[in-house]
């Protein structure tokens, strides 16, 4: 009896507020006025609003709804099974038919509306009371509502956004929630404020979906200003959506519908929100939270505003905590032992220089002989790697020799920067890459050409034609020299083949191949021996934004507008792996130094780390507020840096999957990032015409990741961008689009002079 | 939460009128209003969608500017045929038209004759892409080479001057060096240093390096020295060198002190040199001059309005200095005047006040009027035109009245020509024809009739020319003419120059715009250097010596020495042949009065200014025989 009274009071409140929408019926079944017990399992959203109530009537309601859905789709066997298991009695078929025709997925608005109102009522538990009766309108004919009241149509629930209340009330709901959240304690306010944006979006989309154009416009204008500024881009897209017809084929909208916006909220704050919504009978909002949001509840202190701001900003909210739990083998692979002819000399030099080069991978080749393998490293043969050729070994030896002459960088010894300006690049320079030994530089252009330059005195030569090659004495010592056609020697070569702007290029580690990807949807592999195209990899049907060779060659990764990153091997014309999961264009792709992982940055403002072996997504990193255009791994494989159009560089700990730094300083999009060879300096290049150097050593060194941070993922970022910034170097009018550290730690930068 | 109020985003819709216009253009008439609304909604949405996709291509193309090719690519993404024909890199040449209550933008496509295209010579092949390497930084320090931007950009100079408390991190070069020398390697000591730096107000260092001190010495000496070639180089260095900001306070003091001293000593030449320095400083795009205006502006204003600027006011051409300084003033008003410093209004007030004063001398009066009239047509209209009658009466009092002093007469004469010059063009624009002499006399008093003839002339010229180029601002912002002139006069500085024969493309006649006033019975010959700078071609320099022996009426100044008379004619209005064939040609006329030949100079100026070619009266006074030249 007490419960009944409570419910009556509640419903009375709700009706005064929602009287326009809800036409309280006196014919409502009094037996289900059981109030609202606390919802269980909020982490797992229920498939229907009925499931909010774990009590028996609610469960049964859900089951019936599912049954009806199955029946409608002629899945008779499943119906039988379900019925048997749930112990439900048979239902008359005719009822099903009449209802599904009456309230078909939002197509018929009037029917849907009333049905919905009914279903809402069924949960609001509106028992007739004197208070309600005064405001209650005459009951609508029971024949129309009754059916929906008893068994809510599943279609209404399953088809997104066909939920429909009075459009005028959306405003009331939203402002009510806003008022509530603004009035809660400070510690909860920041957390609960996260709800605003997804709610706003979904409410707006619901209004649009149900053809309330004027109301949706008013709603947008009233509340869009309240949203966090980093959602401005998405809001702009939303604002152009004003008709139901527009919703078909709109990518952003599709993302919102298909993916759940993830929020991390502490248990206390969540309880607060839930209690409020239940007290106010705010079902419209509650439904949205149940259906379209994923609330990741954690125990402990609520997070602060800055903590939340650091992590939010992506298209689909933050990453779920358990999506970053998988183990990542971020260690480096053991370098193969190479008999270095000048080993003694090298060793002497290195011994003299002492320990500090621990981090650089090439030094490890010496250290690894005695050391056991890094426990964080993947197994050597986790993914098959190409065998080293003789030329590769030679190159490694060269690398070792160069490494001994490497400048040790640090706070007090900043690198020199040599800037390569592309002059007269009127057609538009879109991509640049250097070879690892810095002997070649390649540029991709908007006029669909690729140009390769030699930056050493050694000119570029083509291999002789087949007829000429047959004349060569293959036994001679200098056969490699003889096969080159001296007549073709020039400083640069142009590669024609693409039919659209070239957006990404990458040299193979052995300098024999060059990859380029373009707007025409292909990735092309070019030979740097013959300067011809060898393969055109077709698979992406849309522009390919970026591509990169694996650090061990053979594999490469590409990603583009189709939101799928593909892993290829040069000798396969079909991809080996397809990494799907991003909600928007993949804008950049990078290999982990151990070649076992691939990182992709996207316009959905997340970075994902994929396991090459399994194809799983092992990390989802959120925090950027704009499309990510640059990713770099530290040479030891432990850390990652990423830069976006918002002008910020974020640092990540791959092992724990958490953000560990936020470098502010750039004023425009960052297009390139690079760690120095020993990982002590991070260089970033941007559209604001600057190269900036950051103290990566300090950023990573001061890091203490306690267990708490590691498990919860709650980060406290120190505000030390200014301390970490070691230098800003302004060019005259050249956006910096590529950076590269030579083996001796000289920084090379490139960009097109653009006065 | 609400950090910024964004403008309404969802209301931007293509107007329905456009829908109608487009429908009509493809032959669909009588489109229903509802259909128009529906269409415009749909079209707006699709356009926004395409624009958003195009932005993606812009970002990946690493550009800041959206191009037509981005739109094409976005259309391709949607499987729509791209728009062909829009290839322009910079802008789409839409034109605007209105009529019949309708406004529209359209793409103008001209009919092109194929044979024209075939017959035109091929354009030059554009330069191929090339690589150029330079050092952006050497061990963390950015070297000062031409490939790198100037050490302290304007914004930083501004930040330093406006927010001295803010710690600027100028590339951390100084920091890096200090740390290296001090050997502060540990992070703690570094941190302490930083903390200290944050707390203390950074003292602004004005210490110059030895090289900078040498440079400063050389430059200042050259600027006021006797060697014209050196001066030209020095001025060019001031006008173009990107790294001068450290020396700026010294230059500024040098100029203001120099003007102070030399005004007292009436050293006209030095004042001119200093003004040229001011101009060079203002021409330098890398300097943030706002900080030093308090020193520069008084100096410039002094040179405009000072009672006496030279030893012999009746002979020396201090008028040119006043004109030049007035132009400088106008330029700085244009560039530096803001709502907070109110330079323009303050300057205007100063000029007006002293002009209105009855006791003001003619020299100052001239300066005030020159300063005001350089500020633009609006100032002339509101401040000068209403006072023309009063001023005219004053001039008549001097001209027609008893001879008080020659100096007053000359002054009045100059003021008169100045007023005529500036007011005529403004009146021509504001006043409607017909130009009735009597009406003018009624409106403007004594100056009326002369003004009338000037206005008539101005009108005919305006009709001739399609566009009027603002002569003063255009020429003054170009540093080159002045420099070349001064270089050209190098030869003349040694001794008397032998006049050379001018090779002017067409004959030029120098018109005297007003009745000759034979105040000086036999004025000595005035030297003119005429420079023809045609675009692309190498400039030719000529020296004309004009004997300004004017005959009455609108006489042609015989613009050559007696022997060369038939060869040189400066023609007012510029023959059609001249304007048609060499529209870019510039003539810079520099007068070299060996004695007071003010008439010739004045009339020459007026004639030139009203001619079609761009002419500039240079500042350089070459006085090989005057004592001023030997003083420095």
* Overall Cα dimensions of the range A:601-644 - principal axes, largest extent first, Å -> 29, 23, 14
* Quick one: if the Förster radius is 25 Å, what FRET efficiency do residue A:534 and residue A:391 give, using the C-beta to C-beta distance and rounding to 0.05? -> 0.90
* Structure fact -> Its Cα gyration tensor gives the range B:275-421 an equivalent ellipsoid whose semi-axes in whole Å, largest first, are 28, 17, 11
* Asked: Using only the Cα atoms, what convex hull volume per residue in Å³ does the range A:389-449 have?
  -> 125
* Between residue A:237 and residue A:304, what length in nm is gained on full extension when 0.36 nm per residue of separation is reduced by their alpha carbon distance? -> 21.2 nm
* To do: Please list the radius of gyration and Dmax for the range A:375-519, considering alpha-carbon atoms only, with Å as the unit.
  => 18.9, 58
* Structure fact -> Cβ density ranking, 10 Å radius, fewest first, applied to A:212, B:105 yields B:105, A:212
* To do: For the range A:223-327, evaluate the Debye formula with one uniform point scatterer on each Cα (no solvent term) and list log10 I(q)/I(0) at q = 0.10, 0.17 Å⁻¹, rounded to two decimals.
  => -0.36, -1.02
* Structure fact -> To the nearest 0.05, the calculated FRET efficiency linking residue B:84 and residue B:125 through their beta-carbon distance, R0 being 22 Å, is 0.30
* To do: Compute the Cα gyration tensor for the range B:256-361, then decide on rounded, prolate or oblate, letting a ≥ b ≥ c be the square roots of its eigenvalues: rounded whenever a/c is under 1.5, prolate when a/b is larger than b/c in the other cases, and oblate in all that remain.
  => oblate
* Asked: Other chains' Cβ within 10 Å of A:409-419 residues: what's the mean?
  -> 6
* To do: Pull out the extension gain between residue B:24 and residue B:407, defined as 0.36 nm times the separation in residues minus the alpha carbon to alpha carbon distance; nm, one decimal.
  => 130.5 nm
* **Residues residue A:321 and residue A:573, FRET efficiency given R0 of 30 Å [Cβ-Cβ distance, rounded to 0.05]** => 0.15
* Structure fact -> Note to self: C-alpha centroids of the range B:429-452 and the range A:247-297 sit apart, in Å, by 80
* If you count, for every residue in B:138-146, the Cβ atoms of partner chains within 10 Å of its Cβ, what is the mean? -> 4
* For peptide A:227-238, how many partner chain Cβ atoms fall within 10 Å of a residue's Cβ, on average? -> 3
* Could you give the nm distance between label points at residue A:470 and residue B:135, where each point is 7 Å from its Cα heading toward the beta carbon? -> 5.5
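No value in this document is a laboratory result; all are computed from the given coordinates. Every value quoted in this text rests on a predicted model; they were computed, and no experiment measured them. A quick note on method: Cβ atoms are made from the backbone with ideal geometry, for glycine too, and the neighbour counts reach across all protein chains shown.
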